[in-house]
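Worksheet: one structure, shown below.
The values are calculated or read from the model by the stated rules, or taken from the named source; none is laboratory data. Computed from a predicted model, the values in this text were never measured in an experiment. In this analysis, Cβ positions are derived from the backbone assuming ideal geometry, glycine residues included, and neighbour counts consider all displayed protein chains.
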Amino acid sequence: MPVLDAERLLRYKVPGAHDVYDPRDTILYALGTGAGLAPHVDELNLVFERDLKALPTIAFVLGTPGFWAMDPAVGLDWPRILHGEQSLVLYRPLQAQGEIIGSTRVGELADKGPGKPALLRIYRTLTDESGAKVADITEVWVLREAGGFGGERALAGPPPVIVPETPPTHSVDLPTSLQQALIYRLSGDRNPLHVEAETARVGGFDQPILHGLSSLGLAARALVHMHCGGDPMRLSSIAARFTAPVVPGDTIRTQSWQDADRIVFQSIAIERGVVVIDGGTATVDRFANPPATPSG
């Protein structure tokens with residue numbers, strides 16, 4: 001990737017998005033995270049329209065214009081972008097159908113130096129048709145070899161979460177399928193890195209990899225089973241770092257540590273012994289307070 005043109009990127013206005021989604025979309029998203037593959041967990045409420053409930057991480061595919069980094073106006077070498085971090089804070093549970101409006105903006109940049117990565121933080125706010133806030137989403141992209149433009153060396157924020165050294169309090173193994181990336185992309189992320197071998201090689205991978213957000217959706221499913229009694233509407237926030245790609249077909253072990261209302265988690269591709277999601281945090285039944293409405 002050439003040195004980042006920071007001014008060009010910061011000038012870019014990410015298109016807004018307006019989505020009306022229905023039970024079919026909700027089921028398709030859940031299938032794209034691997035729902036229904038594991039015989040040892042009951043996920044009928046994620047994939048069957050009777051008593052259907054939305055996995056909260058469906059927020060990641062709502063109110064977004066898709067993989068907008070592919071727009072030539074952005075000036076990014078998009079096959080060499082890695083997904084570094086992702087977070088979701090909900091103001092209320094998402095329903096199995098509804099109307100969502102998304103507003104996305106380019107945030108802060110960090111420069112790791114010439115020949116090294118640049119980091120880009122992106123913010124997205126979701127509201128419903130009445131204008132009420134539904135969710136806040138933040139993500140960090142790693143722009144490989146785009147450093148050297150000048151600027152801060154690191155993004156502001158709290159230090160990374162470190163998982164405890166004690167044995168986890170909960171653990172569950174969930175499979176992925178060879179077709180999972182093919183299904184997940186139908187929810188809106190059409191980056192060919194996840195389906196086409198040639199594009200994957202350009203991006204530095206031996207084969208197409210699973211979308212990071214599909215992997216995080218899988219981890220969210222694990223948390224729902226471990227901490228929410230199988231009810232996805234109780235998961236109120238989730239955040240994590242992506243540390244290695246998931247290869248379709250991997251089995252992912254998500255293990256968690258709970259201390260009062262604080263949950264820390266990590267996900268491992270067990271056949272390869274690779275940590276794929278690290279420093280994850282989540283909350284249950286702790287939805288954010290909506291912002292105050294200005295008086296007058």
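Among the residues of the range 240-248, is there at least one that is surrounded by fewer than 15 Cβ atoms within 10 Å (Cβ to Cβ) and either of a type in the set (K, R) or more than 18 Å from the chain's Cα centre (by Cα) (or both)? For the range 240-248, residues surrounded by fewer than 15 Cβ atoms within 10 Å (Cβ to Cβ) and either of a type in the set (K, R) or more than 18 Å from the chain's Cα centre (by Cα) (or both): absent. Number of residues in the range 126-158 that are part of a loop (DSSP other than H, G, I, E, B) and within 30 Å of S236 (Cα to Cα) equals 10.
Output the residues belonging to the range 1-20 that are at pLDDT below 95 and β-branched (V, I, T). Passing the criteria: only V3. Scanning the range 49-93 for residues that are of a type in the set (G, A, S), touching a Gly at 6+ places or on another chain (Cβ under 7 Å) and modelled with pLDDT under 95 yields one hit, G66. Of all residues in the range 112-124, those satisfying the criterion of being surrounded by fewer than 17 Cβ atoms within 10 Å (Cβ to Cβ) and in contact (Cβ under 8 Å) with a residue 40 or more places away in the chain are G113, P114.
Filtered by the rule that a residue be surrounded by fewer than 15 Cβ atoms within 10 Å (Cβ to Cβ) and assigned to a helix (DSSP H, G or I), the range 175-201 gives L182, L186, A197, E198, R201.
Among the residues of the range 213-265, none is identified as touching a Pro at 6+ places or on another chain (Cβ under 7 Å) and free of Cβ contacts under 8 Å to residues at least 12 places away in the same chain. Looking at the range 80-93, is at least one residue crowded, with 21+ Cβ neighbours inside 10 Å and either at positive phi or more than 15 Å from the chain's Cα centre (by Cα) (or both)? Looking through the range 80-93, none of the residues is crowded, with 21+ Cβ neighbours inside 10 Å and either at positive phi or more than 15 Å from the chain's Cα centre (by Cα) (or both).
Residues satisfying the criterion are absent from the range 38-58 (criterion: at positive phi and either under 19 Å from the mean Cα position of the chain (by Cα) or crowded, with 16+ Cβ neighbours inside 10 Å (or both)).
Among the residues of the range 149-187, the one identified as without any contact (Cβ under 8 Å) to a residue 12 or more places away in the chain and at positive phi is G157. Assessment of the range 202-209 against the conditions (in a helix (DSSP H, G or I) and under 17 Å from the mean Cα position of the chain (by Cα)) yields no matching residue. Determine if the range 257-264 includes at least one residue that is surrounded by fewer than 22 Cβ atoms within 10 Å (Cβ to Cβ), assigned to a loop (DSSP other than H, G, I, E, B) and on the phi > 0 side of the Ramachandran plot. Yes, there is a match, as at least one residue in the range 257-264 is surrounded by fewer than 22 Cβ atoms within 10 Å (Cβ to Cβ), assigned to a loop (DSSP other than H, G, I, E, B) and on the phi > 0 side of the Ramachandran plot. For the range 94-106, taking the residues that are within 17 Å of the chain's Cα centre (by Cα) and surrounded by fewer than 17 Cβ atoms within 10 Å (Cβ to Cβ), the one that is nearest to L155 (Cα to Cα) is identified as R105.
In the range 129-148, the residues that are at positive phi reach residues that are surrounded by 17 or more Cβ atoms within 10 Å (Cβ to Cβ) and in a strand (DSSP E or B) with C-beta atoms within less than 9 angstrom, at least six apart or across chains, in these pairs: G131/I101; E145/A118; G148/D111; G148/A118.
Being surrounded by fewer than 19 Cβ atoms within 10 Å (Cβ to Cβ), at pLDDT 95 or above and out of contact with any His (no Cβ under 8 Å at 6 or more places or on another chain) is the requirement here; does G229 meet it? So G229 passes the test.
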